[in-house]
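In what follows, a structure is listed as structure tokens, so that the remarks can point back to it.
The values are calculated or read from the model by the stated rules, or taken from the named source; none is laboratory data. Fair warning: this is a prediction, and the values are worked out from it, not measured in the lab. Note that we place each Cβ from the backbone using ideal geometry, even for glycine, and neighbour counts take in every protein chain shown.
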């Protein structure tokens, strides 16, 4: 299951329901008096299942972003360490040359 599109957006963002999807949803609601209870139970179960699926997709997308941010954080911290070391070396060289 795709967590994001190529441009990083969630796959459901910007989607418009199509006529076929609407027809499927409406067809799923057709029932007789005898099947109404089962139909309603099925619709409710599908709604919960879809909600769980979307929750999982959101959690995966957020987790992916967190990992990317943590990697970037480490990269920046490493760059700070390199910058500190180079500044310290310059100060040591300047102090030794002035002696």
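Below are the figures for this structure:
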| quantity | calculated |
| --- | --- |
| Selection count where residues are touching a residue at least 12 places away in the same chain (Cβ under 8 Å) and over 10 Å from the mean Cα position of the chain (by Cα), scope segment 54-86 | 1 |
| Criterion (at pLDDT below 95 and surrounded by 11 or more Cβ atoms within 10 Å (Cβ to Cβ)) met by exactly one of 54, 3, 58, 88 | 3 |
